Amino acid sequence: MMSVRNLFLLTISALFIIGFSSCGSKSVRKDGTPKRASIQLDSTTAQLGTFPRSASMRTTVFTFTNVGDAPLEFLDMSVSCNCISAVYPDKPVKPGKKGEIVVTYKGNNKNPGKFQYRVYFAVTGSPRTFFLRVKGDMTEN
């Protein structure tokens, strides 16, 4: 006959096994392949147009969709110029949901002329890295 202690340990063990198996099933598809986020950008280039240095702060919004089957998280971001900044989602974007990346150009300390800068991202999905391009032409006045 099984003691109460052994029955208790058996029940706890069964609960752990059930808990771990249900956690694993959330991260794998029915065919056994892992679930993965996938980012689909509506555009990767923004044209800021021609503008004077006196009004050099320009903002553009890039939209994307997580077309994968796992949450999409942003891991890292870097810029090719300190005149560019970006704000991206700080929480995971669920599968099927849209998100925004807001990129701002501040050219008040830059020389006038045509420019092109990039913002680089690393995410948990596919592709793992990507970049967005911002172009424009800043005039003296």
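The values are calculated or read from the model by the stated rules, or taken from the named source; none is laboratory data. In this text, all values refer to a predicted model and were calculated from it rather than measured experimentally. Cβ coordinates were reconstructed from backbone atoms using ideal geometry, including for glycine residues, and neighbour counts include every protein chain displayed. What goes into the accessible areas is simple: the full protein's heavy atoms, side chains included, and nothing from ligands, DNA or RNA. Shrake-Rupley method; radii C 1.70, N 1.55, O 1.52, S 1.80 Å.
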Task: segment 60-99, residues that are in contact (Cβ under 8 Å) with a residue 12 or more places away in the chain, farther than 19 Å from residue 27 by Cβ and exposed (fewer than 14 other Cβ atoms within 10 Å of the Cβ) - done: 61, 63, 76, 78, 87, 90, 98
Open item on the list: Condition first: modelled with pLDDT under 95 and closer than 29 Å to residue 130 by Cβ. Can you find one or more residues in segment 41-55 that meet it?
Closed with: no
- [ ] Identify the single condition in (1) open to solvent by 80 Å² or more (accessible area, probe 1.4 Å); (2) not in a strand (DSSP E or B) that residue 47 does not satisfy, given that it satisfies every other one.
- [x] (2)
TODO: Have a look at 131, 121 and point out the one that is open to solvent by 40 Å² or more (accessible area, probe 1.4 Å), assigned to a strand (DSSP E or B), under 30 Å from residue 36 (Cβ atoms) and touching a residue at least 40 places away in the same chain (Cβ under 8 Å).
DONE: 131
Task: Single match in 26, 98 (criterion: within 23 Å of the chain's Cα centre (by Cα), modelled with pLDDT under 95 and not hydrophobic (A, V, I, L, M, F, W, C)) - done: 26
